[in-house]
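All of the numbers you see were taken from the coordinates with simple rules; none came from a lab. All of these numbers come straight from a predicted model, not from anything done at the bench. Don't worry about glycine lacking a Cβ; one is built from the backbone with ideal geometry, like all the others, and counts go over all protein chains shown.
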Amino acid sequence: MLLGFNGATTMKADLPADIVAASQAGFKALEIWAAKMDRYLADHTAAELKALFDQHGVRPVSINSIEFITFRPPAEYEGIKARCQELCEIGHVLGCDKIVVVPSPTPEGGATGEEIQAESVKVLRELAEIAKPYDVKLAFEFLGFGWCSVRTLEQCWEIVKETNRANVGLVIDTCHFYAGGSTLPSIERVEPKRILIFHINDVEERPRETIEDAHRLLPGEGVIPLDDILIRLKHIGFDGLCSIELFRPEYWERDPEELARAARAATLEVVGAYFEVE
Ligand code: ZN
């Protein structure tokens with residue numbers, strides 16, 4: 001299992017600082033936070049960014065994220081497709097083969113399960129067509145929050161299955177898995193090669209419906225049954241990318257390298273019991 005570090009964890013650090021912090025902490029993989037990359041590319045080229053990654057022995061493994069891809073009015077949807085194309089072009093230069101894409105809130109006035117399924121499949125197929133020439137995969141990430149149109153692993157997997165494109169898979173994020181009430185058996189029904197990214201984190205003890213990103217904690221410090229999740233991932237033969245993704249403002253005040261080291265140590269403690277880790 002490849003351990004990665006997600007740039008959201010150190011939100012206030014810039015992209016070069018993330019690359020250095022990840023490298024110093026022993027990570028071989030970094031998930032790029034897209035807003036940081038936009039800032040870097042405002043006065044650098046993608047080739048310069050690739051050189052920076054190479055220099056520090058870190059691989060860019062994903063770009064996070066294109067948010068709220070579904071249920072967009074036509075003009076906004078054109079913007080989503082253009083952004084997808086742009087990130088694919090950059091990803092291709094960087095040798096970064098995954099983009100995380102996120103479903104939208106349920107539209108005001110509501111939507112049935114069938115409508116959400118149909119819209120999500122349609123959009124994922126269209127974005128997959130854009131990504132295909134660049135050898136980029138789309139990783140669809142359900143959000144456990146009450147307002148999101150795709151909230152559970154089961155629902156997300158149904159969408160990815162029906163989308164049925166070689167370059168479309170999903171993300172399991174432990175915070176969203178727990179907050180949205182995904183079930184442990186639902187992991188066993190997913191094809192392991194379709195789990196493109198496993199976002200690991202923990203969360204404070206509080207009612208699930210009140211969980212927000214800011215309540216995330218280092219793995220092992222909260223109440224998510226990470227062992228139960230890992231056992232099932234192991235059982236189905238998942239051996240892909242496991243990346244530490246936290247959005248805790250308190251952590252953003254810490255030194256990025258120190259935080260990256262702490263994140264790696266905490267994750268190894270939890271994951272190391274089940275997986276060989278690099
Ligand atoms: Zn995530």
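Which of the pairs LYS193/LYS234; LYS28/LYS132; LYS98/LYS234 have their Cα atoms more than 20 Å apart in this structure?
LYS28/LYS132; LYS98/LYS234
Compute the Rg to Rh ratio over the range 133-255 from the alpha carbon atoms, using the Kirkwood formula for Rh, and round to two decimal places.
Computed over Cα atoms, the ratio is 0.97.
Counting other beta carbons within 10 Å of each Cβ, put ARG248, ARG72 in order, fewest first.
In order of increasing Cβ crowding within 10 Å: ARG72, ARG248.
Taking a temperature of 4 °C and a viscosity of 1.567 mPa s, what whole-number D in µm²/s does Stokes-Einstein yield for the chain with Rh from Kirkwood over alpha carbon pairs?
Answer from the Stokes-Einstein relation: 69 µm²/s.
Determine the principal axes of the Cα atoms in the range 76-179, then give the extent along each, sorted from largest to smallest and rounded to whole angstroms.
Dimensions of the range 76-179 along the principal axes of its Cα atoms: 39, 28, 22 Å.
What ranking, highest mean first, results for peptides 249-260, 56-67 when packing means the other Cβ atoms within 10 Å averaged over each residue?
Result, highest mean Cβ count within 10 Å first: 56-67, 249-260.
Could you put ASP173, ASP202, ASP14, ASP227 in order, starting from the residue whose Cβ has the fewest other Cβ atoms within 10 Å?
ASP227, ASP14, ASP202, ASP173
Using modelled amide H (1.01 Å from N, peptide plane; none on Pro or chain starts), what sits under 5 Å from the amide H of PHE5, excluding residues fewer than 5 places away?
Here the answer is ALA29, LEU30, GLU31, ILE244, since their amide H atoms fall under 5 Å of that of PHE5.
Would you please put 135-142, 266-273 in order of how densely packed they are, using the mean number of other Cβ atoms within 10 angstrom per residue and starting with the highest?
Those peptides, ordered most packed to least, come out 135-142, 266-273.
Tally the DSSP beta bridges in the chain and give the antiparallel ones as a percent, rounded to 5.
So the antiparallel bridges in the chain amount to around 10 percent.
Going by amide H atoms built from the backbone, whose H comes under 5 Å of the H on PHE140, apart from near neighbours?
VAL101, GLY169, LEU170, VAL171
To check my understanding: the extent here is largest minus smallest coordinate of the Cα atoms along each principal axis. What are those three numbers for the range 3-46, in Å, largest first?
For the range 3-46, the Cα spread along each principal axis is 28, 18, 13 Å.
Under the Karplus relation 6.51 cos²θ - 1.76 cosθ + 1.60, θ = phi - 60°, what is the ordered set of whole-Hz ³J(HN,Hα) values for the range 248-256, x standing for Gly and Pro?
Each residue's phi maps through the Karplus curve to give 9, x, 4, 5, 5, 7, 7, 5, x Hz.
Pick from GLY240, GLY110, GLY180: which residue has the top mean-square fluctuation in a GNM of the chain where Cα pairs under 10 Å get a spring?
Of GLY240, GLY110, GLY180, the most mobile in the Gaussian network model is GLY110.
Based on Cβ point charges of +1 for Lys and Arg and -1 for Asp and Glu, what charge dipole magnitude is obtained for the chain about its Cα centre, in debye rounded to the nearest 20?
540 debye
Report the convex hull volume per residue for the range 38-108, counting only C-alpha atoms, in Å³.
93 Å³
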